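Okay, so here's the structure we're looking at.
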Amino acid sequence: MPFQLPDLPYPKSALEPHITSKTLDFHHGKHHNAYVTVLNNLTKDTPLADKPLEDVIKSVAGDSSKVPVFNNAAQTWNHTFFWHCMKGGGGGRPTGDVASAIDGTFGSYEKFAEEFKNAAVTQFGSGWAWLAIDANGKLNVLKTANADTPMVHGQKAILTCDVWEHAYYLDYQNRRPDYVQVFLDHLINWDFVAENLSKS
């Protein structure tokens, strides 16, 4: 199949106790895998099957006849990106260029964290909270619903938090604010964010 489920960048137990291996079993092994499988079925024997994933997403965005392709392609990309946004022993304050960029845009890490958490918690239903770079090169926090993703809005994602219920329900039940706070305090892979920022 042209599109593959990537391996997690760490063992399934690496994010414990904050995100359990049971959650990753379902989230990566079931949900993410299903998006990849459906995407392959939808694009089989079409020109899209030979395109890079980001090209597929951009080429079908806004096309009402291709909504299932967009949803499964974007969710495949969003999840792959999300796994890299976390690491064991992560979170807390960034340093270096990321800290400077956040301070320059938001005034302080605390203001950024407050804005990011608010975006994640107030996203109605399923979706994502993002730290992204807009077309003017400025950092901003945004939220998107369902499979929507910054790349189709002229923005480059550098960090995301998945707020679909399957991302946290086994560990946090309906306590999305607690999950998002743990993501900020203990899980963010700031090295990955720094790498994304350096490429922008």
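Computed from the coordinates by the stated procedures, all read-outs in this text should not be read as laboratory data. Predicted model, so just to flag it, every value in this text is computed and none were measured. Here Cβ is always computed from backbone atoms with ideal geometry, including for glycine, and neighbour counts include all displayed protein chains.
Tabulated values for the structure
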| quantity | calculated |
| --- | --- |
| Calculated FRET value between residue 14 and residue 67, using beta carbons and R₀ = 30 Å, to 0.05 | 0.30 |
| Reachable lysines from residue 44, criterion Cα separation under 23 angstrom, eight or more residues apart if same chain | 30, 58, 66 |
| Sites residue 26 and residue 156 - FRET efficiency at Förster radius 45 Å, r taken between beta-carbons, to 0.05 | 0.95 |
| ³J(HN,Hα), Karplus 6.51/-1.76/1.60, whole Hz, each residue of region 90-105, x for Gly, Pro | x, x, x, 6, x, 10, x, 5, 5, 4, 5, 5, 5, 4, x, 8 |
| Virtual spin-label span in nm between residue 111 and residue 140, 7 Å along Cα→Cβ | 1.6 nm |
| Inter-label distance, nm, simple model (7 Å from Cα along the C-beta direction), residue 37/residue 124 | 3.3 nm |
| For region 21-84, diffusion coefficient by Stokes-Einstein and Kirkwood Rh (Cα), 20 °C, 1.002 mPa s, µm²/s | 177 µm²/s |
| Per-residue ³J(HN,Hα) for region 163-175, Karplus 6.51 cos²θ - 1.76 cosθ + 1.60, θ = phi - 60°, Hz, x for Gly and Pro | 10, 5, 4, 5, 6, 9, 5, 5, 9, 10, 6, 8, 8 |
| For region 97-113 and region 58-90, distance of Cα centres in Å | 26 Å |
| Computed helical MRE - 222 nm, the chain, DSSP H runs ≥ 4 contributing -39500 (n - 2.57), nearest 500 | -13000 deg cm²/dmol |
| Label-point gap, in nm, between residue 175 and residue 191 - each point 7 angstrom along Cα→Cβ | 3.0 nm |
| Within the chain, longest stretch clear of exposed trypsin sites (Lys or Arg not before Pro) (DSSP loop, no more than 13 other Cβ within 10 Å) | 45-137 |
| Region 105-200: chymotrypsin sites (Phe, Trp or Tyr not before Pro) in DSSP loop, at most 14 other beta carbons within 10 Å | 124 |
| Charge dipole of region 21-84 about the Cα centre (unit charges at C-beta), most positive-ward option of 49, 76, 65 | 76 |
| Amide H within-cut-off set for residue 159, under 5 Å, with H built and near neighbours excluded | 131 |
| Cβ-based exposure ranking for 86, 151, 1, in which fewest neighbours within 10 Å come first | 1, 151, 86 |
| Straight-distance crosslink candidates among aspartates and glutamates, where the alpha carbon sits under 18 Å from residue 12 and sequence neighbours closer than 8 are dropped | 25, 162, 171 |
